[in-house]
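The values are calculated or read from the model by the stated rules, or taken from the named source; none is laboratory data. Source: prediction; values computed, not measured. Here the Cβ positions follow ideal geometry from the backbone for every residue, glycine too, while neighbour counts run over all protein chains shown.
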Amino acid sequence: SLICVALNYYTPEQRPSGDEYAKISRYGWGRDYHKILHKKLKELSNWLQAQAAGVQARYYADT
């Protein structure tokens with residue numbers, strides 16, 4: 001089986017205005033979303049494996 005998840009990484013902060021600021025996509029602001037998603041997937045994986053004997057799980061983020 002395969003479980004696919006998505007994470008809304010919207011940040012409400014506005015980018016600084018002015019010519020001296022580069023335009024960077026909001027997903028690039030703050031913590032690396034790979035690390036955030038990896039942590040959440042690990043928790044899900046551990047939970048799934050605890051549900052029944054013999055359950056195996058792997059998780060990947062953006063591979």
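Of note:
- The range 6-47, subset assigned to a helix (DSSP H, G or I) and of a type in the set (A, V, I, L, M, F, W, C), residue modelled with the lowest pLDDT: 36
- A count restricted to the range 41-63 and to residues that are in contact with a helix residue (DSSP H, G or I) (Cβ under 8 Å, 6 or more places away or on another chain), loosely packed, with under 12 Cβ neighbours inside 10 Å and within 13 Å of residue 1 (Cβ to Cβ) stands at 3.
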